[in-house]
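Note sheet for the following structure.
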Amino acid sequence: MRARYGVPLGIAAAGAAGLLYSAGFEARSFRLRRVTVPVLPSGMRPLRVLQVSDIHMVSGQRKKQRWLRSLAGLRPDFVINTGDNLSDPEGVPEVLDALGPLMEFPGAYVFGSNDYYGPTLRNPARYLLEKVQGRHGLNGNPPVVGAVHNPWEDIRDSFDAAGWLNLTNTRGTLKIEGVSLELTGLDDPHIKRDRYDQVAGGPSDSADFSMGVVHAPYLRTLDAFTADAYPLILAGHTHGGQLCIPFYGALVTNCDLDTDRVKGLSTHTAEGRTSYLHVSAGCGTSRYTPVRFACPPEATLLTLVGRE
């Protein structure tokens with residue numbers, strides 16, 4: 001009997017231990033990534049931008065709230081929120097409480113699909129199938145029917161009241177100690193709400209520095225920002241792959257971005273131009289798949305310095 005059942009029981013025990021680790025420890029093991037990006041014009045002082053993304057707040061996630069509130073101690077020059085704040089229609093008060101100290105700094109935001117719509121229960125294997133078939137979100141898939149609508153307007157109104165710029169298919173400008181920062185943003189490409197034609201044309205001559213902001217790093221948006229000569233693009237959405245293989249990396253990105261650039265700093269080239277791209281792995285998960293493996297939750301402090 002031992003010979004017959006020993007191996008299956010061992011596999012089951014290892015699987016249970018992995019699930020306990022990925023849900024009970026790693027998904028709550030919040031990290032800060034620090035990155036230096038040489039994109040500023042020569043002579044401009046360094047700028048420190050805190051990027052938070054994919055919070056996917058569920059009511060009752062106290063540790064995540066405390067950690068997000070603690071990030072205000074970094075004293076960034078400005079904050080960029082790249083969307084997917086919710087994974088629970090009841091989570092709006094927790095999101096605003098967690099981000100309250102950060103809203104005292106200059107900032108800007110775009111929304112992701114999970115700000116607008118509640119998550120649905122789905123088999124994680126479908127992400128692999130969609131990758132093979134080249135279908136992601138509403139980009140090639142049928143429209144979602146019967147989706148839960150989140151109270152995203154409450155988050156928008158609070159962000160706006162704090163002075164954060166709403167970058168939904170538009171441009172905005174932040175003034176940081178006399179420096180003019182132009183931010184160009186798009187609504188979520190994952191659900192085909194991006195309208196680059198409304199913001200096309202590249203950086204303004206009047207801005208000291210310009211950058212692009214989008215939730216999901218679909219190639220069409222990266223191509224457009226890069227071709228228009230934006231030196232830096234910030235995005236989220238991918239969760240860094242969320243369930244990764246140690247020493248190998250991510251299996252999926254949940255968009256058409258390659259897995260080599262699923263998180264962290266990289267570059268993107270289009271029409272002979274090259275931009276820096278930073279993709280945040282985010283600090284949350286869907287409420288229906290509350291696990292991470294070999295991909296801890298994160299926020300990123302990017303220090304922008306002069307070009308080499």
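The values are calculated or read from the model by the stated rules, or taken from the named source; none is laboratory data. Remember, it's a predicted structure, so these values are computed and weren't measured experimentally. As a convention, Cβ positions derive from the backbone with ideal geometry for all residues, glycine included, and neighbour counts pool all protein chains shown. Protein only, heavy atoms only, side chains kept; ligands, DNA and RNA dropped before computing areas. Shrake-Rupley method; radii C 1.70, N 1.55, O 1.52, S 1.80 Å.
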- prompt: Which one of Q133, L167, P290 has its Cα pushed farthest toward the positive end of the charge dipole of the chain, where Lys and Arg give +1 and Asp and Glu give -1 at the Cβ?
  reply: P290
query: Taking the Cα centre of the chain as the origin and placing charges on Cβ (Lys, Arg +1; Asp, Glu -1), which of N150, L219, F25 is farthest toward the positive end of the dipole?
result: F25
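For the chain, with every protein chain kept in place, what is the accessible area per residue (1.4 Å probe, Å²)? Present the calculation step by step, with values, prior to reporting the outcome.
Working: 13790 Å² over 308 residues.
Per-residue value: 45 Å².
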field: Within the range 108-243: Cβ-based charge dipole about Cα centre, in debye rounded to nearest 20 (Lys, Arg +1; Asp, Glu -1)
entry: 680
- request: Sticking with the crude label model, points 7 Å out along Cα→Cβ, report the distance from Q198 to A270 in nm, one decimal please.
  value: 1.8
field: Spin-label pair A147/A229, simplified geometry with 7 Å Cα→Cβ offset, distance in nm
entry: 3.6
task: Calculate I(q)/I(0) for the chain by the Debye formula, one identical point scatterer on each C-alpha and no solvent, and give its log10 at q = 0.07 Å⁻¹ to two decimals.
output: -0.27
- prompt: Could you work out the helix-only [θ] at 222 nm for the chain, with each DSSP H run of four or more residues adding -39,500 (n - 2.57) and the total divided by the number of residues, to the nearest 500 deg cm²/dmol?
  reply: -7000 deg cm²/dmol
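Viscosity 1.306 mPa s, temperature 10 °C: what is the translational diffusion coefficient of the range 33-160 from Stokes-Einstein with a Kirkwood Rh over Cα pairs, rounded to a whole number of µm²/s? Display every interim value, and only then the final one.
Values: Rh = 16.6 Å.
For the chosen part, D equals 96 µm²/s.
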field: Built amide H within the under 5 Å cut-off of L40, gap 5+
entry: V305, G306, R307
DSSP-defined beta bridges in the chain - what % are antiparallel, rounded to 5: 40
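Between exposed trypsin sites (Lys or Arg not before Pro) in the chain, where DSSP calls loop and at most 16 other Cβ atoms lie within 10 Å, what's the longest gap?
Value returned for the longest uninterrupted segment is 1-121.
Can you tell me the dipole magnitude for the range 184-279 around its Cα centre, using point charges on the Cβ only (Lys, Arg +1; Asp, Glu -1), in Debye to the nearest 20?
Values: 7 positive and 12 negative charges, 55 e Å.
The calculated dipole for the range 184-279 is roughly 260 debye.
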For the range 94-103, 3J(HN,Hα) per residue [Karplus equation, 6.51 cos²θ - 1.76 cosθ + 1.60, θ = phi - 60°, Hz, x = Gly/Pro]: 5, 4, 5, 5, 5, 8, x, x, 6, 6
query: Using a cut-off of 25 Å between alpha-carbon atoms, which lysines can reach K63, once sequence neighbours fewer than 8 places away in the same chain are excluded?
result: K263
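Out of the total accessible area of the range 141-199 (probe 1.4 Å, heavy atoms of protein only), what percent is carbon and sulfur? All intermediate terms of the calculation are to be shown ahead of the outcome.
Working: 1430 of 2910 Å².
Solvent-exposed carbon and sulfur of the range 141-199 make up 49 percent of the total.
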message: Looking at the chain as a GNM with Cα springs under 10 Å, which of D223, D194, D205 has the largest mean-square fluctuation?
response: D205
- request: Check the straight Cα-Cα distances from K64 and name the aspartates and glutamates below 17 Å, setting aside those fewer than 8 residues away within the same chain.
  value: E26, D54, D84, D88, E90, E94, D97, E298
statement: Simple spin-label estimate for R135/A161, 7 Å along Cα→Cβ, in nm, reads 4.2
message: How much length would be gained if the chain were fully extended between T120 and R48, taking 0.36 nm per residue of separation minus their Cα-Cα distance, in nm to one decimal?
response: 22.3 nm
- prompt: In the Gaussian network model of the chain, springs joining C-alpha atoms below 10 Å, which of Y276, Y288, Y230 carries the largest mean-square fluctuation?
  reply: Y288
